[in-house]
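Colleague: This structure is in structure tokens; I'll ask about it shortly.
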Amino acid sequence: MKIVLRTVLVFCLGFIFFLSPQKSFAELNSSDLNQFLTSENISKEKLEDILYMYYHEDLLNFNTVTELNAVLGEKLTSETLQTIISDNEFTDEAELTQFLQNNYEVEEDSTIIETYIYKTALENALSYYTPITPESLQEWLISFDLTSEEVSALFAENNDSISNYRYIEDMQRVYFEYEFSKITPLTEETLQEWLDENGLIQEDVEALFVEYDDAITNYETIEDLDMAYFSYIIEKEMKEMLNKLGLTDEEFTALNNHFESLKLEEREEELTAKFEEFFSRFEDLNLDQIEDPKDLTDAQKTEISSIISDVLAIFDLKISFTLEIDGKTQDIQLEDLIFQDTIIGDYSLKSSLLDNFVLDTNSLENFSLADIFLPDFSFSINISKLDGTLLADLQITDEFISEYLPELKESIKQFLSSIPSLPTNGNTDSGNGTSEPKPTPPVITGGKLPNTSGNYLESLLFGLFLIGIGTMLLLKKRMA
């Protein structure tokens, strides 16, 4: 189930990344690149992985092979490998290989030279690890609010010792392996210790468990109790968040039952294959040079729409949107949000929304999104099954955006604050018997809301969809 959830989220986050404005990239001549790959006996995918993991670079950033060679450096050979082994105080290649395999750097059936290919890549990988010294160990203990005695005792329980490790990261990995494998019997004493460590009151914990038809007495270990408690907390917080989007208990149950019926845990292999196919199709679109959705070709738009439909079909879902302004309603499709420059600007309701719209920019301290979108504005996200059965109808509200997306609200406030006040013919007494023009709010007519630092609303809407999907999957994982 972890693989399915991770794959869904990675795919969708990648899609949101596409929705955001992208900078232009340089591009290495394909003929030169192919010649380089052949001469180096390396695939393009492997090269991209090495650049990203060990150099924090992207292949698209290089104009020439010369630039690429300058960054990669010399190839890793048996001789240079021995030098690195000696410099890092490893006994031999076998010890270094075991160390890297233990830390998931090198696969079991691979070698150091096959993995890193370049000398600098291996050096950069090893530079990540911090040698254990009294100072670095103390710094690590403080960062996790631990004592040397506690850590030493845990290692001793497992017939191990901190002195067996050379690097902080290696020791840390093993520490948490030991910590998570601990089994602490649930007793009155250990329960109180757990409550004290987490700043909890037993009555509050018991009340939470009652809400889920559960009880502390159903658990035999502190670890199981801890997992159950925080699962309930996460579920409760997610439900509260979704309730602020107008998700009722009935809708929550309908969504949960829907995902229960999909039996995702039994389809892990199938779903993994499908999402690998989606990634491949997305890469084939060659979107590296696309800076604006308007630049997409009809063929690219068709394929993107097809990918979206196929993703939703896996979950037997259909997503649509409804925009209502001053009693006028218009249905909007997900594809429209992606391909249109703005949600409102390309629709007939544009004039109703923006023309002759007055906003007082001198009173922004406690403004509401209703001040921007007009008092009678609503945007609904409709989640249905493919057969048309409505599962949930979510509402974007000012309260939700203020709590969960404050950056969006702050960006709009900054934009509105930058609009100068415009004088009118109205008069007001200045207090000295003279009349002065009274500033009035500026009038914003037509056009789009600001493009501050990304396509906020498009990403928001798609993100809200992900919140619903992610919540159900998390609940499903807990119940499985």
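Colleague: Of everything in the range 125-135, what is touching a strand residue (DSSP E or B) at 6+ places or on another chain (Cβ under 7 Å) and outside any loop (DSSP other than H, G, I, E, B)? Give them in sequence order.
Modeller: First pass over the range 125-135, keeping only residues touching a strand residue (DSSP E or B) at 6+ places or on another chain (Cβ under 7 Å): 129-132.
Hit for the range 125-135 is Pro131, nothing else.
Colleague: In the list Leu5, Leu47, which residue meets the criterion of being modelled with pLDDT of 90 or more and surrounded by 16 or more Cβ atoms within 10 Å (Cβ to Cβ)?
Modeller: Numbers: Leu5 fails: modelled with pLDDT of 90 or more.
So the residue among Leu5, Leu47 that is modelled with pLDDT of 90 or more and surrounded by 16 or more Cβ atoms within 10 Å (Cβ to Cβ) is Leu47.
Colleague: Name, by its number, the condition in (1) touching a helix residue (DSSP H, G or I) at 6+ places or on another chain (Cβ under 9 Å); (2) surrounded by fewer than 17 Cβ atoms within 10 Å (Cβ to Cβ); (3) of a type in the set (D, E, K, R); (4) under 26 Å from Glu45 (Cβ atoms) that does not hold for Glu114.
Modeller: (1)
Colleague: Then there's this: Which one is modelled with the lowest pLDDT, of the residues in the range 331-340 that are surrounded by 14 or more Cβ atoms within 10 Å (Cβ to Cβ) and assigned to a strand (DSSP E or B)?
Modeller: Residue satisfying both the conditions and the ranking: Gln333.
Colleague: Mind counting the residues in the range 297-324 that are within 18 Å of Glu283 (Cβ to Cβ) and either charged (D, E, K, R) or in contact with a helix residue (DSSP H, G or I) (Cβ under 9 Å, 6 or more places away or on another chain) (or both)?
Modeller: Residues of the range 297-324 within 18 Å of Glu283 (Cβ to Cβ): 297, 299-308, 310-311.
After this cut, where a residue has to be either charged (D, E, K, R) or in contact with a helix residue (DSSP H, G or I) (Cβ under 9 Å, 6 or more places away or on another chain) (or both) as well, the list is 301, 303-308, 310-311.
Counting residues in the range 297-324 that are within 18 Å of Glu283 (Cβ to Cβ) and either charged (D, E, K, R) or in contact with a helix residue (DSSP H, G or I) (Cβ under 9 Å, 6 or more places away or on another chain) (or both) gives 9.
Colleague: I'm checking my understanding of the structure. Among residues of the range 56-80 that are over 30 Å from the mean Cα position of the chain (by Cα) and in a loop (DSSP other than H, G, I, E, B), which one is surrounded by the most Cβ atoms within 10 Å (Cβ to Cβ)?
Modeller: Only one residue tops the list, namely Leu76.
Each row is one residue, and each column tells you yes or no for (1) surrounded by fewer than 12 Cβ atoms within 10 Å (Cβ to Cβ); (2) farther than 30 Å from Lys182 by Cβ.
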{"residue": "Asp226", "(1), (2)": "no, no"}
{"residue": "Tyr229", "(1), (2)": "no, no"}
{"residue": "Glu237", "(1), (2)": "yes, no"}
{"residue": "Phe282", "(1), (2)": "no, yes"}
{"residue": "Leu287", "(1), (2)": "no, yes"}
{"residue": "Lys294", "(1), (2)": "yes, yes"}
{"residue": "Thr297", "(1), (2)": "yes, yes"}
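Colleague: Ok, one more. Identify all residues within the range 55-71 that are within 13 Å of Tyr118 (Cβ to Cβ) and touching a Leu at 6+ places or on another chain (Cβ under 8 Å); write none if there are none. Give the derivation first.
Modeller: Within the range 55-71, the subset within 13 Å of Tyr118 (Cβ to Cβ) is 55, 57, 68-71.
Answer for the range 55-71, where residues must be within 13 Å of Tyr118 (Cβ to Cβ) and touching a Leu at 6+ places or on another chain (Cβ under 8 Å): Tyr55, Glu57, Leu68, Val71.
Colleague: List pairs: first residue in the range 301-315 and closer than 20 Å to Thr272 by Cβ, second residue of a type in the set (Asp, Glu) anywhere in the structure, Cβ distance under 8 angstrom, at least six positions apart or on different chains.
Modeller: Short answer, once both residue conditions are applied: Ile308/Glu335.
Colleague: Test Tyr232 against the stated conditions and say whether it is over 28 Å from Glu403 (Cβ atoms), touching a helix residue (DSSP H, G or I) at 6+ places or on another chain (Cβ under 7 Å) and not basic (Lys, Arg). Outline the logic, then answer.
Modeller: Numbers: over 28 Å from Glu403 (Cβ atoms): no; touching a helix residue (DSSP H, G or I) at 6+ places or on another chain (Cβ under 7 Å): yes; not basic (Lys, Arg): yes.
Spelling it out, it is not the case that Tyr232 is over 28 Å from Glu403 (Cβ atoms), touching a helix residue (DSSP H, G or I) at 6+ places or on another chain (Cβ under 7 Å) and not basic (Lys, Arg).
Colleague: Something else now. Would you mind telling me which numbered condition in (1) closer than 24 Å to Tyr128 by Cα; (2) in contact with a Pro (Cβ under 7 Å, 6 or more places away or on another chain) Thr221 fails?
Modeller: Here Thr221 clears every test but (1).
Colleague: While we're here: Which one is farthest from Tyr52 (Cα to Cα), of the residues in the range 86-123 that are free of Cβ contacts under 8 Å to residues at least 12 places away in the same chain and among the aliphatic types (A, V, I, L, M)?
Modeller: Checking each candidate, the answer is Ala94.
Colleague: Listed residues Glu260, Glu266, Glu276; which is modelled with pLDDT of 80 or more, within 30 Å of Asn61 (Cβ to Cβ) and charged (D, E, K, R)?
Modeller: Numbers: Glu260 fails: within 30 Å of Asn61 (Cβ to Cβ); Glu266 fails: within 30 Å of Asn61 (Cβ to Cβ).
Step by step, each of Glu260, Glu266, Glu276 is checked, and only Glu276 is modelled with pLDDT of 80 or more, within 30 Å of Asn61 (Cβ to Cβ) and charged (D, E, K, R).
Colleague: Scan (1) under 30 Å from the mean Cα position of the chain (by Cα); (2) exposed (fewer than 13 other Cβ atoms within 10 Å of the Cβ); (3) not in a helix (DSSP H, G or I) for the single condition Asp109 breaks and write down its number.
Modeller: (1)
Colleague: Pairs only if they're at least six apart or on different chains, beta carbon under 7 angstrom, first in the range 374-403 and farther than 21 Å from Ser261 by Cβ, second among the acidic types (Asp, Glu) and at pLDDT 65 or above; list them, first residue then second.
Modeller: Final answer for the pair search is Ser378/Glu324; Ser380/Asp393.
Colleague: Here is a further query. So Ala215 ticks every box in (1) within 30 Å of Glu189 (Cα to Cα); (2) surrounded by 18 or more Cβ atoms within 10 Å (Cβ to Cβ) but one. Which box is left unticked?
Modeller: (2)
Colleague: Consider the range 188-217. How many of its residues are touching a helix residue (DSSP H, G or I) at 6+ places or on another chain (Cβ under 7 Å), β-branched (Val, Ile, Thr) and within 15 Å of Ser231 (Cα to Cα)?
Modeller: Count: 2.
The values are calculated or read from the model by the stated rules, or taken from the named source; none is laboratory data. Here the structure is a predicted model, which means the values were calculated and not measured. Cβ sites come from the backbone with ideal geometry, for glycine too, and all protein chains shown count toward neighbours.
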